[in-house]
Structures are given as structure tokens and as C-alpha cells.
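The structure appears right after this line, and notes come after that.
The values are calculated or read from the model by the stated rules, or taken from the named source; none is laboratory data. All values reported here derive from a predicted model rather than from experimental measurement. Here the Cβ positions follow ideal geometry from the backbone for every residue, glycine too, while neighbour counts run over all protein chains shown. Accessible surface areas use protein heavy atoms only, side chains included; no ligands, DNA or RNA. Shrake-Rupley method; radii C 1.70, N 1.55, O 1.52, S 1.80 Å.
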Amino acid sequence: MSEPDAAPAGSAPAPSNLVLRILAALVLAPLAIALAYAGGWLWALLVTLVSIGLFAEWLMVVGAGSVALTGTGTIVIAIMGFCVAFGALKTAVIAGFIGGAIVTLIARGKFVWAATGFAYASAALLASILVRQDLLNGFAALMFVLLVVWATDIGGYFAGRSIGGPKLWPRVSPKKTWAGALGGFVASLLVAVGFAACGLGKMAPLLLVSAILSVVSALGDLFESAVKRRFGVKDSSHLIPGHGGLMDRLDGFVAAILAAWIIGFLRHGVHSAGSGLMVW
């Protein structure tokens, strides 16, 4: 998510925007945590709906939001979500490849951007569900990723506002500062410390994973900012008060959950990615 405009040291965040952010978080965060805890088809349903929203917003950002393209992607993502939720991962992947090809054909002149958006939403869908499906450590792993992303975001927000200073990458995202990036990184490490203190993993590996996910989350944020800047768009939508759209809110999470699943998959396989992430 975008860091606000840098301000002089000691200045306070804009009250109206901060209040909107807090109110939205107080509603959305408990809902996400409750459905993540429930797991199963409830979590899969939320992820599927969000992934459809991500794809629709992406198409609007890149100027390819036709009814045919959005409708086709929606149907395919819904099929993928249903299949992976009920254990038919291979079918979901096959549906994704076929659906991605159809989306690419329909998009015509925008086929590269449409295909990228479909891959973006599909990756978010599959990784989010598969990490949670680990029966032993799925919920802990998912919460770890969520909290690292939130800590990176919140730490970056307040460090950027209170400290200010040199910009991180003004050409892509003129609002972000190096102070914000460092503040978010440090905040993410505190999540690892907390999990280790609660006996939910070993300190050193969790610090390493937290550092990786925090950096990847920040890169995901920059990637989304670069896409919006390429097409002259400020917010992907106005769906979430104080935050913009789903892409604005979940850019870091999409990158982090995909990285988390890859780490878990490489260590413990497709269906035990949660354990692969948390157990060392």
C-alpha cells in the first residue's frame, strides 16, 4: 500500500485519512482473521472473491476492463477457487492455463497486460488457499504472513510520516521514503520475535523469513505503484475507505503470500507449505 506524502519530522498524519484507515482496518482485519481461522471453504470463498476483485481492478487500471474480458476472468477464477478449495488442485491449474489463454485471446491489443493481471490474481488465489490448507501449521503460517505484511505497512506509514527524509524511488512512488522502508522492515522483525516468544517457531529462521517477506511485500507495493504510474492511475478503485482499492490494500500481501508458499513448497511440498514456512 502507498505510503503517504513525507512530512517534516514530528508532524502528525492527516487526521481524516488516518481515521478512515483505522476504521477500515477495524472492520476488515477481524473479518479476515476470523475467516482465516475458519479455513476450509469459507476462507477459499473470501480469497476467490478478492482474487476476482483484483483481476477486475487490474483490468480497469490498464484500460482493458471490457465486459467480456472481466466476465471470462471472473468465471475462470471462480472455477479455480472452487476446485482448489475441494482438493482438485490439478484441475484448478489446468482451468487456469486454459482460462489464461482465453483471456489473452479476448484481450487482443492488451493481451500482455491482461495475461499479467490474470496471473497476478491466480497466483494470489492459489497461494493464499494452499498455505492455509496445511492442517498442522496453515493458520499460523497465514497469520505470520498477514502480520508481517501489516507490520511492514504500518511501520512504513508512521516512520515515513514522522521522520520523512530522502525518497525511496521517486520515479515510481514519490510518496515512499527510505525511513518508511526501514521502519516497516524493523516492524516486521518484531512479528518474528513475537511468534518465537510464543513458541510458534525458532527465532533465527523466523527472523530470516520475516525479513524476506517484508522486502518482498515492499517490492510488491512498488510493482503495483509502477503499474499505476504507467497508466496514470492514482488508486485502483475507491472500494476501501482510506486505502483505495483491493490492489492498493493487497499489493504487498499478494507478493508475500506467493513468496511464502514458494518457501514452504520447496521445503515441505505442495500441501504442507505452512509447515515448510514455520517449522525449521
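Side notes on the structure shown:
- The value for region 135-279 of Rg(Cα) / (2.2 N^0.38 Å) is 1.07.
- Translational diffusion of the chain, µm² s⁻¹ [Kirkwood Rh, Cα pairs; Stokes-Einstein; 20 °C; 1.002 mPa s]: 112
- The magnitude of the dipole of the chain, with charges of +1 and -1 set on the Cβ of Lys/Arg and Asp/Glu and taken from the Cα centre, is near 400 debye.
- Sorting 109-115, 144-150 by their mean Cβ neighbour count within 10 Å, with the most densely packed peptide first, gives 144-150, 109-115.
- Relative contact order, percent, the chain [alpha-carbon distance under 8 Å, six or more residues apart]: 25
- With every protein chain in place, region 78-201: carbon and sulfur % of accessible area (1.4 Å): 77
- Placing +1 on each Lys and Arg Cβ and -1 on each Asp and Glu Cβ, with no other charges, gives region 146-237 a dipole about its Cα centre of roughly 380 debye.
- Protein heavy-atom surface of region 206-259, 1.4 angstrom probe: 72% of the accessible area is carbon and sulfur, with nucleic acids and ligands not counted.
- Average accessible surface area per residue within the chain, 1.4 Å rolling probe, Å²: 45
- Applying the Kirkwood pairwise sum to the alpha-carbon positions of region 18-133 produces a hydrodynamic radius of 14.6 angstrom.
- Ala88-Leu31 pseudo-label distance in nm [points 7 Å out on the Cα-to-Cβ vector]: 2.9
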